[in-house]
1. Go through region 1-77 and tell me which helices (runs of 4 or more DSSP H), entirely inside it, have 2 or more residues that are surrounded by 11 or more Cβ atoms within 10 Å (Cβ to Cβ), within 12 Å of the chain's Cα centre (by Cα) and of a type outside the set (D, E, K, R).
2. Which residue pairs have Cβ atoms under 8 Å apart, sit 6 or more places apart or on different chains, and have a first residue in region 37-50 that is at pLDDT 90 or above and a second that is open to solvent by 80 Å² or more (accessible area, probe 1.4 Å) and among the aromatic types (Phe, Trp, Tyr)?
3. Cβ-Cβ distance below 8 Å, separation of 6 or more or different chains: which pairs start in region 4-30 with a residue that is within 15 Å of Val48 (Cβ to Cβ) and end on one that is among the polar types (S, T, N, Q) and surrounded by 18 or more Cβ atoms within 10 Å (Cβ to Cβ)?
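The values are calculated or read from the model by the stated rules, or taken from the named source; none is laboratory data. These numbers were taken from a predicted model, which means no experiment stands behind them. Glycine gets a Cβ as well: all are built from the backbone with ideal geometry, and neighbour counts include every protein chain shown. Just the protein is used for accessible areas: all its heavy atoms, side chains included, with ligands, DNA and RNA removed. Shrake-Rupley method; radii C 1.70, N 1.55, O 1.52, S 1.80 Å.
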Amino acid sequence: MSSETVDGCLTAICIAPKMIIPDRWLTPVLKEALPDIPAPNMQRFLDVLLHRFIATLANLSDPVDLERIFRSMSTAGRRDWSQGF
């Protein structure tokens, strides 16, 4: 799972018309990520994931930042970002 994929999913969660509680979106993210994360690193992954979620909310409040982030992605990164899981 690429970082762009995670960011795309988090963006979709943040802009959903109704609030999606973490219990609903954490399970699919973890299901995708578990094969790549050693058990001792799981807490760190969760910490980073929640930090990215908060950063995504902040970025969405500033369209200039969001455009800058999107423009800095590679073509493959943009594809991953838009496809999510």
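1. Values: elements: 3-15, 22-33, 42-60, 63-72.
Of the helices (runs of 4 or more DSSP H) lying wholly inside region 1-77, those with at least 2 residues that are surrounded by 11 or more Cβ atoms within 10 Å (Cβ to Cβ), within 12 Å of the chain's Cα centre (by Cα) and of a type outside the set (D, E, K, R) span 3-15, 22-33, 42-60.
2. none
3. Pairs found: Asp7/Thr56; Leu10/Thr56.
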